[in-house]
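Student: Got a structure here, written out as structure tokens. Questions coming.
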Amino acid sequence: MAMMSSPPAPPARRRSVVAELEGALLRGADTFPYFMLVAFEASGLPRFAALLALWPLLRLLELLGRGDLALRAAALVATAGVPRAEVEAVARAVLPKFMADDVDPAAWAAFAGSEGRRVVVTRMPRVMVERFAREHLGAHDVVGCDLEYSRLRRSTGLVRAAGDVAARVRALFPDGDRPDLGIGRSETARAFLPFCKEQLQPPFTAGDVTGQPRAPPFRPVIFHDGRLVCRPTPFMSLVILLWLPLGVLVAFVRIAVGLMVPIWTIPHIAPIFGGAVIMHGRAPPAVGAGNGSGVLFVCTHRTLMDPVVLATVLGRRVAAVTYSISRLSEILSPIPTVRLTRDRDVDAARMRAELARGDVAVCPEGTTCREPFLLRFSALFAELSDRIVPVAMNYRVGLFHPTTARGWKAMDPIFFFMNPRPVYEVTFLNQLPAEATCAAGKSPVDVANYVQRILAATLGFECTSLTRKDKYRVLAGNDGIVGAKPAAAAKPAWQQRVKEVLSFLLH
């Protein structure tokens, strides 16, 4: 659709822009999936099912021109009674990924190419949008409605209207100033578009952004949380609900079989149970007794099960060194686990002792990352052995993510095996030559960075200098240290005790 209204502002001037989020910056105008995400991640399955059951009524209200009432009803069901901290956590850790996947490239080019004030107008409550709009879209202001909270800091489910959208947009441009560009098409957008000097309305074409200032690259979402892989549209939400009972049964059958059969048989029988373990490259042979330390397998960290899958492919004992897995996961693990302390000298001594017994798997990123990025590698492994074999681990799932930063980590394997067809890929690279190790005078940091680069190249990933702390600050609001949680209000002693036991077993 072509530009309308007055001629473009001079290139030398810092252009300002006001853009509608739903249906403009985002390709989809439907807000229902985002409320479904809040319902599932902040409250659980019953609320998720209740909101899905309400969808036909919400859709009918939209067809009757009462979209505002449908949005209020969705907000009520999704958030009523939910602690404010939980709503904010989902908005911080879950929603940005789904919004980023739906960004319209042409709209982004026009929006980000404006170097002046950038304003996002949304129909959703601002708490659901603000993090994404400011962190990833580079917005200076977000105009939208607000959720109301009780004195107990729980959502009432009621939405405080944004008021006159046009008046709120005008208030952001005082002294007779006007936005240079307005982007949108809905009834909400029509309230502020006449105030803008130019108007851009979807569907966009390549010609719409011709002559616009060059936009910076979109900032990707590297860290995100939540269990759902697919956008929970009404259809996909129904699929998830129908699959869940069968998925739980399938998961427990897969886990039980995996614990009972010899570990080397798992890659061969996995297709029978709907999964697959795919191996590339050549696995190194076991080091014979009396030949010194075992092989140090340096793996990318995709899920909790990376060392277990590695052991199944190798068909032999491999000890896994871990920073923080749940006690329940340690108990159920089919391979030995060595808990590290984050004290460099103590951890080095434990890993050397384990290498003296046999092979060891280590994930130097220290935490998982779902996106095609590798976090910074800790250099400790490079100081411990010259028999270093890099291993590129990756996985594919369809419905549920098998990792979490905020939830119960003991559930990670269950969610992995609940997927209809879970697939793991293991790629063995050649053992590092002696000249690439510390034995040739290389510094541990140089060795770690080299291993990170070759693993990233193998997987087609991008190297970063981000760390575990960066991930947990984004997703959980802490440094990722077990037990580092914000202070909570006092609870009865029995509730505190139950919580302590569950945390001990599951986190």
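Student: Say we look at the range 341-371 and pick out the residues that are of a type in the set (A, V, I, L, M, F, W, C) and in a loop (DSSP other than H, G, I, E, B); which of these is surrounded by the most Cβ atoms within 10 Å (Cβ to Cβ)? Please lay out each step first, then the result.
Tutor: Kept after step one, since they are of a type in the set (A, V, I, L, M, F, W, C), are these residues of the range 341-371: 346, 348-349, 351, 353, 355-356, 360-363, 369.
Now drop any that are not in a loop (DSSP other than H, G, I, E, B), which leaves 363, 369.
Working: Cys363: 26, Cys369: 21.
Ranking the candidates gives Cys363 first.
Student: While we're here: Can you tell me which residues in the range 317-335 are part of a helix (DSSP H, G or I) and in contact (Cβ under 8 Å) with a residue 40 or more places away in the chain? Give the steps one after another, and end with the answer.
Tutor: Just the residues of the range 317-335 that are part of a helix (DSSP H, G or I), to begin with: 327-332.
Of everything in the range 317-335, those that are part of a helix (DSSP H, G or I) and in contact (Cβ under 8 Å) with a residue 40 or more places away in the chain turn out to be Arg327, Leu328, Ser329, Leu332.
Student: Could you check how many residues of the range 133-176 are surrounded by fewer than 14 Cβ atoms within 10 Å (Cβ to Cβ) and basic (Lys, Arg)?
Tutor: Within the range 133-176, residues that are surrounded by fewer than 14 Cβ atoms within 10 Å (Cβ to Cβ) and basic (Lys, Arg) number 3.
Student: Restricting to the range 455-484, count the residues that are modelled with pLDDT under 90, in a helix (DSSP H, G or I) and loosely packed, with under 14 Cβ neighbours inside 10 Å.
Tutor: Residues flagged as modelled with pLDDT under 90, in a helix (DSSP H, G or I) and loosely packed, with under 14 Cβ neighbours inside 10 Å within the range 455-484 amount to 0.
Student: Can Glu365 be described as acidic (Asp, Glu) and touching a Lys or Arg at 6+ places or on another chain (Cβ under 8 Å)? Break it down stepwise before answering.
Tutor: Values: acidic (Asp, Glu): yes; touching a Lys or Arg at 6+ places or on another chain (Cβ under 8 Å): yes.
For Glu365, the condition - acidic (Asp, Glu) and touching a Lys or Arg at 6+ places or on another chain (Cβ under 8 Å) - is met.
Student: Have a look at Leu399, Leu384 and point out the one that is open to solvent by 10 Å² or more (accessible area, probe 1.4 Å) and touching a Phe, Trp or Tyr at 6+ places or on another chain (Cβ under 7 Å). Working first, answer last.
Tutor: Details: Leu384 fails: touching a Phe, Trp or Tyr at 6+ places or on another chain (Cβ under 7 Å).
Selected residue: Leu399, the only one of Leu399, Leu384 that is open to solvent by 10 Å² or more (accessible area, probe 1.4 Å) and touching a Phe, Trp or Tyr at 6+ places or on another chain (Cβ under 7 Å).
Student: Using the structure shown, decide if Thr210 is crowded, with 19+ Cβ neighbours inside 10 Å, of a type in the set (Ser, Thr, Tyr) and at pLDDT below 90.
Tutor: On the way: crowded, with 19+ Cβ neighbours inside 10 Å: no; of a type in the set (Ser, Thr, Tyr): yes; at pLDDT below 90: yes.
Against the criterion (crowded, with 19+ Cβ neighbours inside 10 Å, of a type in the set (Ser, Thr, Tyr) and at pLDDT below 90), Thr210 does not qualify.
Student: Run Val389 past the list (1) out of contact with any helix residue (DSSP H, G or I) (no Cβ under 8 Å at 6 or more places or on another chain); (2) open to solvent by 10 Å² or more (accessible area, probe 1.4 Å); (3) not in a loop (DSSP other than H, G, I, E, B) and report the number of the one that doesn't hold.
Tutor: (2)
Student: Right, here's the next one. Applying the selection to the range 160-177, what residues are within 19 Å of Met128 (Cα to Cα) and not in a helix (DSSP H, G or I)?
Tutor: Arg160, Ala161, Ala162, Gly163
Student: In the range 411-421, which residues are surrounded by 20 or more Cβ atoms within 10 Å (Cβ to Cβ) and either more than 18 Å from the chain's Cα centre (by Cα) or part of a strand (DSSP E or B) (or both)?
Tutor: Phe417, Met418
Student: Looking at Val313, Val338, which is the one that is farther than 30 Å from Arg219 by Cα, open to solvent by less than 60 Å² (accessible area, probe 1.4 Å), touching a strand residue (DSSP E or B) at 6+ places or on another chain (Cβ under 6 Å) and assigned to a helix (DSSP H, G or I)? Don't jump to the end; show me each part of the working.
Tutor: Working: Val338 fails: assigned to a helix (DSSP H, G or I).
Answer to the check: Val313.
Student: Now a separate question. Mind checking whether some residue in the range 111-130 is open to solvent by 20 Å² or more (accessible area, probe 1.4 Å), more than 19 Å from Pro202 (Cα to Cα), touching a residue at least 24 places away in the same chain (Cβ under 8 Å) and not in a loop (DSSP other than H, G, I, E, B)? Full working, then the answer.
Tutor: Going through the range 111-130, the residues open to solvent by 20 Å² or more (accessible area, probe 1.4 Å) turn out to be 115, 117-118, 123, 126-127, 130.
After this cut, where a residue has to be more than 19 Å from Pro202 (Cα to Cα) as well, the list is 115, 117, 126-127, 130.
Then keep just the ones that are touching a residue at least 24 places away in the same chain (Cβ under 8 Å); that gives 115, 117, 127, 130.
In the following step, the residues that additionally are not in a loop (DSSP other than H, G, I, E, B) were identified as 127, 130.
Yes, some residue in the range 111-130 is open to solvent by 20 Å² or more (accessible area, probe 1.4 Å), more than 19 Å from Pro202 (Cα to Cα), touching a residue at least 24 places away in the same chain (Cβ under 8 Å) and not in a loop (DSSP other than H, G, I, E, B).
Student: With respect to Pro105, is the statement that it is open to solvent by 70 Å² or more (accessible area, probe 1.4 Å) and either modelled with pLDDT under 95 or within 22 Å of Pro203 (Cα to Cα) (or both) true? Even if it seems obvious, please write down each step before you answer.
Tutor: On the way: open to solvent by 70 Å² or more (accessible area, probe 1.4 Å): yes; either modelled with pLDDT under 95 or within 22 Å of Pro203 (Cα to Cα) (or both): yes.
Answer is yes for this residue.
Student: Among residues belonging to the range 440-454 that are open to solvent by 70 Å² or more (accessible area, probe 1.4 Å) and closer than 15 Å to Val389 by Cα, point out the one that is nearest to the chain's Cα centre (by Cα).
Tutor: Selected residue: Arg453.
Student: While we're here: Please verify whether Val239 is open to solvent by 40 Å² or more (accessible area, probe 1.4 Å), in contact with a strand residue (DSSP E or B) (Cβ under 8 Å, 6 or more places away or on another chain) and at pLDDT 90 or above, treating the condition exactly as stated.
Tutor: On the way: open to solvent by 40 Å² or more (accessible area, probe 1.4 Å): yes; in contact with a strand residue (DSSP E or B) (Cβ under 8 Å, 6 or more places away or on another chain): no; at pLDDT 90 or above: yes.
In short, no.
Student: Separate question: Just checking, which of Thr312, Thr341 is β-branched (Val, Ile, Thr), farther than 24 Å from His224 by Cα and free of Cβ contacts under 8 Å to residues at least 24 places away in the same chain? Lay out the reasoning, then the answer.
Tutor: Details: Thr312 fails: free of Cβ contacts under 8 Å to residues at least 24 places away in the same chain.
Testing whether each residue is β-branched (Val, Ile, Thr), farther than 24 Å from His224 by Cα and free of Cβ contacts under 8 Å to residues at least 24 places away in the same chain leaves just Thr341.
The values are calculated or read from the model by the stated rules, or taken from the named source; none is laboratory data. Source: prediction; values computed, not measured. Virtual Cβ from ideal backbone geometry, glycine too; neighbours counted across all protein chains shown. For the accessible areas, the whole protein counts, side chains as well, though only heavy atoms, and no ligand, DNA or RNA atoms are used. Shrake-Rupley method; radii C 1.70, N 1.55, O 1.52, S 1.80 Å.
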